[in-house]
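These notes are about the structure you will find just below.
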Amino acid sequence: MTTADPVTMALFHAALRRDLARARALLGAPGGLSVRRRRRLGRHLLWMMTQLRWHHEGEDHGLWPLLLERDPDSWAVLEEMEREHEAIDGPMLQLEEASRGLVAGRAHSRDVLAALDALEPPLVAHLEHEERAGLPIVRRVLTHEEWQAFERREWIEGYTVPDTLRFLRWICDGVQERDLLGRGLGVAGPLRPMLGSLAGSARVPGLTVWAGTPAARMGSPLGMALREGVAP
């Protein structure tokens, strides 16, 4: 039995940080955005908030209770995680409303930037806190088999094949650590160089909202706490 290796959490957090930065880069670009790109950006941000809600629900309903059962002394940290989720919910709603306005043509870049200003500080602080204080509990009390079972039960079941492919491309985009991607996707060492196509997907014309802009070249850096804890 091996210790839990929550590498997919590393990739998910990195993807959130990356796309918040990319959205700012697009919204602040000189000359503004075309109608088509504004709509694509709005839809992408709405999709990303859906993924974040699913992620938080899986933690609140599936992961925190499991960790508390295994380690009752972790209750204070886990309560902090839940309170931070609640604090993020309002700014998420604000970004969703601004993003819908972007799609419908009734919002301006400044509206979305204001929503990002409200969401990014508490979200990034939460991600860092979770990496620093929450994931060590995961590694300490769960086996990797138990971690994978949690992921399947709370985050994977219910996804269609297209849903899954889109999500995998998203979390891999911009990641330079091929070994980390291989571990996260269960790809054997000799095949890991093939993951480069996923890591460079943002630059493929027509595939993402970022293609053809400087934002496409922005990477997906791991949080330092996660790099120290899960990277090879």
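Read-outs throughout are calculated quantities, based only on the coordinates presented, and are distinct from any laboratory measurement. Note that the coordinates shown come from a computational prediction; the quantities given were computed from them, not determined experimentally. Cβ placement follows ideal geometry from the backbone for every residue including glycine, while neighbour counts extend to all protein chains displayed.
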How large is ³J(HN,Hα), in whole Hz, for each residue of the stretch 48-63 in order, when computed from phi with the Karplus curve 6.51 cos²θ - 1.76 cosθ + 1.60 and θ = phi - 60°, using x for Gly and Pro?
-> 5, 5, 4, 5, 5, 5, 4, 4, 5, 4, x, 5, 5, 9, x, 8
Please report the relative contact order for the stretch 16-154, taking Cα pairs under 8 Å with a sequence separation of at least 6, and give it as a percent rounded to a whole number.
-> 33 percent
Cleavage-rule hits (trypsin sites (Lys or Arg not before Pro)) in the stretch 71-106: DSSP loop, at most 15 neighbouring Cβ within 10 angstrom | Arg106
Folded to 0 to 90 degrees: helix 7-27 orientation relative to the chain principal axis, Cα = 20 degrees
Please state, as a whole number in µm²/s, the translational diffusion coefficient that the Stokes-Einstein equation yields for the stretch 65-176 at 37 °C and 0.692 mPa s, with Rh defined as the Kirkwood radius across alpha carbon pairs.
-> 196 µm²/s
Taking the stretch 26-121, the whole-percent share of alpha-carbon pairs separated by over 24 angstrom is 36 percent
Determine Rg/Rh for the chain; Rg is computed over alpha-carbon atoms and Rh is the Kirkwood hydrodynamic estimate from the same atoms.
-> 0.97
Once the Cα gyration tensor of the stretch 77-134 is found, what semi-axes does its equivalent ellipsoid get, as square roots of 5 times the eigenvalues, in whole Å, sorted largest first?
-> 27, 10, 7
Which distance in Å, rounded to a whole number, links the C-alpha centroids of the stretch 103-179 and the stretch 20-54?
-> 16 Å
Peptides ranked, highest mean first, by Cβ atoms within 10 Å: ranges 200-212, 41-53 | 41-53, 200-212
List the pair-distance distribution P(r) of the stretch 1-58, using every Cα-Cα distance, as the percent of pairs falling in each 5 Å bin from 0 up to the bin containing the longest distance, rounded to whole percents.
-> 4, 15, 21, 20, 15, 10, 7, 4, 2, 1, 1, 0
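Relative contact order for the chain using alpha-carbon pairs under 8 Å, separation at least 6, rounded to a whole percent?
Working: 244 pairs, mean separation 82.2, N = 232.
Here the relative contact order equals 35 percent.
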Between beta-carbons, use under 12 Å as the cut-off and find the net charge around Asp71, counting Lys and Arg +1, Asp and Glu -1.
-> +1
